[in-house]
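K.L.:
Structure in C-alpha cells, see below.
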Amino acid sequence: MYDIKALYEAESVEHAIQLLTEHPEAQIIAGGSDVLVQMREGKRAGKELVSIYKIDDMRGVSYEEDGAIRIGSLTSFSHITKDPIIQKHINVLGEAVDMVGGPQIRNIGTIGGNTCNGGTSADAWDAIIEITGPDGVRRIPIKDFYIKAGVVDLRPAEIQTAIIIPKAAYEGYYGHYIKYAMRNAMDIATTGCSVNVKLSEDKKTIADVRIAYGVAGPVAMRA
C-alpha cells in the first residue's frame, strides 16, 4: 500500500539529526496522519523515512523557568486537550485541537506534525517555534516559520522540537476558537478563527484583543 524506500527509527533528537544528515532526502514521520496519506496518494512515493515517534523527550506540556509554556512537538492533540496546564492557561488551544478530525486522528496526530506540514492554523498567542539541528537550537516566531502554503523554515537535518507560548502571551487572556467546515465533525476546516481578549486590571475595559484566522491565506493571518 505504501511505497517506502527505507524506514529509520530515531532514538533521540541527536540521533534523528544524525540520520537526517546521513540521508538528506529522507522525510520525517511522526504520527503519520499526513505523511502516510500523501504517500498513498503518490506524492511522497519511494521516500526514505526517519521516524521520530519514539522520542519521548519531545512529548508533553511543561513550564519553562520564565513561566513560558512548552509543548513538545510530538504531543498529540488529545494530550493537549486534556493537559491541566493547557486547561488552566490556554483552554482555547484545547478547544481548537479538539476539533481536528476524529478521535483516532487526535490520538495519533501531533501538534508539531501539523505546523511542520505547513497547515495555516490560527495563532493568537505569539508562539515561538523551537528548532534543533546540526548547528544547535534556534527559536523563531511562528509567523516567520510559515513561508508559504506547505512550506516552513526548516533547514537541512533540522527538526522542530517544541512550541513555546511566552507567559506574556497567555497570562490574563481568555478566548474562543470557531471552526467553520461543511460538516460538524471529522472534516477539514474551511476556515477557522481564534479570538483572545485581555481585560484591564480593574476588569472594566479591554486591554488587548487578538483575532487570528487560519486557512484564510497561505500563512496564518492576524486581523
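The values are calculated or read from the model by the stated rules, or taken from the named source; none is laboratory data. As the structure is a prediction and not an experimental result, all values here were calculated from the model. Backbone-built Cβ (ideal geometry, glycine too); neighbour counts: all protein chains shown. Just so you know, the surface numbers come from the protein's heavy atoms only, side chains and all, with ligands and any DNA or RNA stripped out. Shrake-Rupley method; radii C 1.70, N 1.55, O 1.52, S 1.80 Å.
K.L.:
What is the percent carbon and sulfur in the accessible area of the range 45-114, measuring with a 1.4 Å probe over the protein chains and ignoring ligands?
P.N.:
About 50 percent, which is the carbon plus sulfur part of the accessible surface.
K.L.:
Now, a different point. Please state the shape class of the range 66-190: rounded when a/c is under 1.5, otherwise prolate if a/b exceeds b/c and oblate if not, all from the C-alpha gyration tensor.
P.N.:
Oblate shape, in that a/c is at least 1.5 and b/c is the bigger or equal ratio.
K.L.:
What FRET efficiency, computed as 1/(1 + (r/R0)^6) with R0 = 30 Å and r the Cβ-Cβ distance, is obtained for R40 and M182, rounded to the nearest 0.05?
P.N.:
Efficiency, from the Cβ-Cβ distance: 0.85.
K.L.:
Which lysines does K5 reach when only Cα atoms under 21 Å apart count, and residues fewer than 8 places away in its own chain are ignored?
P.N.:
By straight Cα distance, K5 reaches K43, K47, K54.
K.L.:
Okay, moving on. Using DSSP to call loops (not H, G, I, E or B), can you name the trypsin sites (Lys or Arg not before Pro) in the range 164-223 whose Cβ has at most 15 other Cβ atoms within 10 angstrom?
P.N.:
R183, K203, K204
K.L.:
Tell me the mean residue ellipticity at 222 nm calculated for the chain from its helices only (DSSP H runs of n ≥ 4, each -39500 (n - 2.57), averaged over every residue, nearest 500).
P.N.:
-5500 deg cm²/dmol
K.L.:
Can you list residues from other chains, or at least 5 along the same chain, whose modelled amide H is less than 5 Å from the amide H of E48?
P.N.:
Close amide H contacts, sequence-distant or interchain: K5, A6, Q27.
K.L.:
Within the range 1-47, report the trypsin sites (Lys or Arg not before Pro) that DSSP leaves as loop and that have at most 15 other Cβ atoms within 10 Å.
P.N.:
The qualifying sites are K43.
K.L.:
May I ask you to list the GluC sites (Glu not before Pro) in the range 130-197 that are in a DSSP loop and have at most 14 other Cβ atoms within 10 Å of their Cβ?
P.N.:
E171
K.L.:
Taking R0 as 22 Å, what's the FRET efficiency between A149 and I211 from their Cβ-Cβ distance, rounded to 0.05? Mind showing how you got there, number by number?
P.N.:
On the way: r = 21 Å, r/R0 = 0.95.
That gives a FRET efficiency of 0.60.
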